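Okay, structure first, notes after.
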Amino acid sequence: MALEKGRINSTGLIMLIFGFAVGSSALAPSGRIAGADAWIAILIGIAEALLIAAVFLLLTKRFPGKTLVEISDIVYGPYLGKIISVIFLWYLFHLGSLVLGNYTGYFSSLFLVRTPPIVLLASIILICVSAAKKGIEVITRCGVIIVSVGLFFYLLTTFFLSKYFEIKYLQPVLTTPAPQLLWAAHGAATFPLAETVAFLMVFPFLNNKRDTVPATFTGIIFTGLVMTGVAVRNTVVLGPSEKAYIYPSFHAITTINIAEIINRVEIVASLFILCMGFLKTAVLLYGVSLGTAQLCSLRSYRPLVVPVAVLMSILALYNFPNPVEFVRFVNNAYPVYALPFQLVIPLLTLIIAVIRKTEQRDGNSEPKGRRPPTESKRR
Amino acid sequence: MVLLLIALFILIILLEIVPLVKDRQWKELAVASVLLAAGFILSVLIMYDIDFPFLAPVISNIMEKWVALPGS
């Protein structure tokens, strides 16, 4: 019995990947440790992220119509497969709590200073619960609307900011030492581009399975290019002081003042950033609930959405004590911490599937490696 | 605050758990109850000011100790 009946198209997937990846990187832009060379780091990061994506896309191509939890069960067997699935689901769960904590920190430190963080957290998670319960189709539809309007607004703010651009802030180019630049590039790849590994829980619900690879690559490249644009914009507006800000995009947008009429645009920009965060949290909440339901062989994932959301909210409160600690975590620890989940698990699963010749080309047929013994004898 | 928390969890039980009992979805009921109970216990502990360590600094410290990171 299928746990999810909704279906999404490739355009929806591209939009969802964009909203998902831009979600938290809009708050803490990637590649910042490279300073003015951040845009170069992000461009290198796109290449690395595409390589990481190629691994999990090969895996999903080998097992069309299966989530990572089901793939692990087929490749590793029922016991080890469950352990691998739990490790992967932990990553989605932790990532969801990080996003939630990040947004709560953003709003409670810049806008709603006197509001208790738990109230902000509850407001965000309630909407995510509602979306996750409705299914992936509804989340994707929300994504198409949010991303379309958000992109238009991004272009509009960049246009308004163009009069403050100081191209000299980008020069001299490539002054960052190579190890630091490559580390920044790796940081940009793991946060947020390769986080699209979470879509291993979503790919099975794509209308046309052949669109999975082009749609994912398009989504990652598109996101990377927009992130590069944001990095350039922040650098040419804020200059070297950009590194001092925790939320440079917010501070870049606050400078907009067109004839004393168009100003305080940051409120609207933050609303769009929040909407992207909603998309990311909703996808992760959906992924964890669906994965847990598949892990426990349940008939529906919906009863698990609220309990998982409660636990995610609690962890969100205990991730980092302040936004500075979040920046430290993203710059120093996350590029190493995320790698086993983003690359090692899919790569290991793919290698073992290739060695054991386990595959499932057709979504409705049994995997080749698990044919009933009678059929093998007949052959 | 504790009363508010209990009220919140009663609301969740009424909306999420009771329909599972009505539909006789015992497996779903068991998993959802375990997760919800874990959430409730953790919430109560937080209410009573039990200090849990923050996760991100712990991971950052471990990573910085193990790996020579160019960013740190």
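Where a number appears in this text, it was derived from the coordinates with a stated rule and is not lab data. The structure displayed is predicted, hence computed values, not measured ones. Reconstructed Cβ throughout: ideal geometry from the backbone, glycine too, with neighbour counts over all protein chains shown.
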In degrees rounded to 10, the 0-90 angle between helix A:38-62 Cα long axis and the longest Cα principal axis of chain A is 10
Need one word for the range B:2-66: rounded, prolate or oblate. Basis is the Cα gyration tensor (sqrt eigenvalues a ≥ b ≥ c); a/c below 1.5 gives rounded, then a/b vs b/c decides. oblate
Structure shown: which of A:243/B:65; A:61/A:280; A:134/A:243; A:66/B:27; A:133/A:357 lie over 30 Å apart, alpha-carbon to alpha-carbon? A:134/A:243; A:133/A:357
Percent relative contact order of the range A:23-372, based on C-alpha pairs within less than 8 angstrom and at least six residues apart? 39
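Among A:15, B:1, what is the fewest-to-most ranking by other Cβ atoms within 10 Å?
Sorted ascending by nearby Cβ count, the order is B:1, A:15.
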Whole-number D in µm² s⁻¹ for chain A, Kirkwood Cα-pair radius fed into Stokes-Einstein, 20 °C, 1.002 mPa s: 101
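For each of A:169, A:164, count neighbouring Cβ atoms within 10 Å of the residue's Cβ, then give the residues from fewest to most.
A:164, A:169
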Expressed in angstrom and ordered largest first, the alpha-carbon extents of the range A:85-229 along the principal axes are 50, 48, 33
Most exposed first, judged by fewest Cβ atoms within 10 angstrom, A:27, A:170, A:57 run A:170, A:57, A:27
Please list, in order along the range A:265-272, the HN-Hα scalar couplings obtained from phi with the Karplus expression 6.51 cos²θ - 1.76 cosθ + 1.60 (θ = phi - 60°), rounded to whole Hz, x for Gly and Pro. 6, 4, 5, 5, 4, 5, 5, 5
Amide H proximity to residue A:8 below 5 Å, modelled H, separation 5+ or other chain, gives A:206, A:207
Suppose only helical runs count, i.e. DSSP H with n ≥ 4. What mean residue ellipticity at 222 nm does that imply for chain A under -39500 (n - 2.57) per run, divided by all residues and rounded to the nearest 500 deg cm²/dmol? -21500 deg cm²/dmol
Provide the per-residue ³J(HN,Hα) series for the range A:255-262, in order, calculated from phi with Karplus coefficients 6.51, -1.76, 1.60 and θ = phi - 60°, each as a whole number of Hz, with x at glycine and proline positions. 6, 5, 8, 9, 6, 6, 9, 9
Which whole number gives the average count of other chain Cβ atoms within 10 Å of the Cβ atoms across peptide A:325-333? 6
Each label point is 7 Å from the Cα along the Cα-to-Cβ direction; what then is the distance between the points at residue A:352 and residue B:49, in nm? 4.7
